[in-house]
Amino acid sequence: MVIQKGGCTVDQHSTYMMKHAWDNYVRYAWGKNELRPLSRRGHSASIFGSASLGATIVDGLDTLYIMGMEEEYNQGREWIANNLDLNNMNSDLSVFETNIRFVGGLLSCYALTGDVMFREKAEHVAEKLLPAFKTPTGIPYALVNVRTGYLYLLFSDDSLISLDEWVFNTEAHPLPIKGVNPLFREFASKNYGWASGGSSILSEFGTLHLEFTYLSDVTGNPIYRQKVDHIRQILRGMEKPRGLYPNYLNPKTGKWGQNHMSIGALGDSFYEYLLKAWLQSGREDQEAREMYDEAIAKIVLHMLQVSRQSKLMYFSDMKFDRLDHKMDHLACFSDRYMDIAKGITNTCHESYARSATKLGPESFRFTEALEAKAMKTNEKYYILRPEVIESYFVMWRLTKDQKYRDWGWEAVEALEKHCRVSGGYSGIKNVYMEDPQKDDVQQSFFLAETLKMKPKASSADSASGGIRWYSRGNN
């Protein structure tokens, strides 16, 4: 049975939402990475470098296909075939984001359609990521410059700027700068300066396996599988504090960075990909399953908590052996233990239900006086994320409990009330305000993930449900 709301099914309403998001992207930001729905122009986050790569097109195309939106799908396919080309780029790209949004999006379309153009484009993009793996350990850097060996100016204050950019922007970066002397350096890839002494991040280098192994399978080129299998072997062989995986690993020394563990931001999708790798393999990848089971058992032992007032179950962070009673929206993906999965999904729903907008914050905390609510300004925003809705979908499939579908519809209503604008859909800056300010960004993953979960969560068990078994890691 499909839920009927306002004369249409939730499936039909999801398609309606997708069409509104897509049509406005086409109208105001075609070929750009994302849409600014209020200012009605293109938007590009730093993860995409400075190039217009059509991230929304690549990321959301499989959703169009699953929803049967043929005209829009063909429009997007034509753009990818004629325009997606990284050969002339001069930009730093996030290896993680490029993999999950571009390689994953293209391989999803190939898996659905068998169209070899998508396979070829996926390999074209993945090839550009390979220089990031050129480290002493084989653990990849976070950022790769797709024009390998491009010349940069590196200042002693760690600021970095390409030579071309400096030549045309000397006012912003004059030479010499008092006390700051430039060096000519060549960089193909690097890490974020804030990441624990130049470490790589678990949720990034641990969220490549599904796409890279599948790409090797469909192209016959073993290099991609070799790269991610090597990462897995390094991780499996390392000593882990309390059996837990820290969020940072130095790619030069092969040693853990800061002793910070989380299944939210910085850790989340590593665990998700272990379980999905087992499923992707037809449940034959026992190594992935064992690593997942061992990791979750330690997380449950050391980080699973229950709040005092309402007995809400949550996963805390751990920093230097001390618990930080905070849980991220990104951690709201269902766990393998059914009782825990039910408890965590209920807690994530509470983070939505306890806000004025009925949408959940980026992070929420637990104290003596507060449960499942954000405290800091930089935790109160909602950027159209999919994780809670994905948990509703998974729990509905596993339990057939009607409440998960009802919760999914509540999220649809909240999105329509607070995030929909005439020019698309926007994130909001404070979920606790009745009339929140909007952030003016329609994230590509809103089309690729959040809206894809709507028909899944409301429909019967069908071929489309779970079709993206190597779906992107959480953004």
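The values are calculated or read from the model by the stated rules, or taken from the named source; none is laboratory data. Note that the structure is predicted; figures quoted are calculated from it, not measured. No Cβ is skipped: glycine too gets one built from the backbone with ideal geometry, and neighbour counts run over all protein chains shown. With ligands, DNA and RNA removed, areas are computed over all heavy atoms of the protein, side chains included. Shrake-Rupley method; radii C 1.70, N 1.55, O 1.52, S 1.80 Å.
Just how many % of Cα pairs in segment 310-378 lie over 15 Å apart, if you round to the nearest whole percent? Show your work: numbers first, answer last.
Details: 1193 of 2346 pairs.
In whole percent, the long-distance tail amounts to 51.
Run the numbers for residue 294 and residue 221: contour at 0.36 nm per residue of separation, minus the present Cα-Cα distance, in nm. Please report the intermediate quantities before stating the final value.
Numbers: separation 73, 0.36 × 73 = 26.28 nm, distance 3.11 nm.
Separation in residues times 0.36 nm, less the Cα-Cα distance, equals 23.2 nm.
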Probe 1.4 Å, heavy atoms of protein chains only: per residue, the accessible area of segment 276-434 in Å² is 42
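Can you send over the carbon and sulfur percentage of the accessible area for segment 222-380, probe radius 1.4 Å, protein chains only? Write out the running numbers ahead of the final one.
Values: 3410 of 6840 Å².
Carbon-and-sulfur percentage of accessible area, whole number: 50.
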With each pseudo-label sitting 7 Å past Cα toward Cβ, what's the residue 416-residue 375 distance in nm, one decimal? 3.7
GluC sites (Glu not before Pro) within segment 312-393: DSSP coil, no more than 10 neighbouring Cβ in 10 Å: 368
Stretched fully, the stretch from residue 229 through residue 252 gains (0.36 nm per residue minus C-alpha distance, one decimal, in nm) 6.5 nm
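Under a 1.4 Å probe, what is the accessible area of segment 1-137 per residue, stated in Å²?
On the way: 5330 Å² over 137 residues.
I get 39 Å² per residue for segment 1-137.
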If the chain between residue 239 and residue 284 were fully stretched, how many nm would it gain, using 0.36 nm times the residue separation less the Cα-Cα distance? 13.6 nm
For segment 205-218, in residue order, the Karplus 3J(HN,Hα) values (coefficients 6.51, -1.76, 1.60; θ = phi - 60°; whole Hz; Gly and Pro = x) are 6, x, 10, 10, 4, 5, 5, 5, 5, 5, 5, 4, 4, 8
Could you give the nm distance between label points at residue 305 and residue 402, where each point is 7 Å from its Cα heading toward the beta carbon? 3.6
Where the Cα pairs of segment 200-303 fall when distances are cut into 10 Å bins, in %: 15, 50, 29, 6, 0
Determine the share of segment 45-123's accessible area contributed by carbon and sulfur atoms, expressed in whole percent, with a 1.4 angstrom probe. 37
List the lysines whose Cα sits under 28 Å from the Cα of residue 227, skipping any in the same chain fewer than 8 residues away. 121, 128, 134, 190, 240, 252, 255, 276, 298
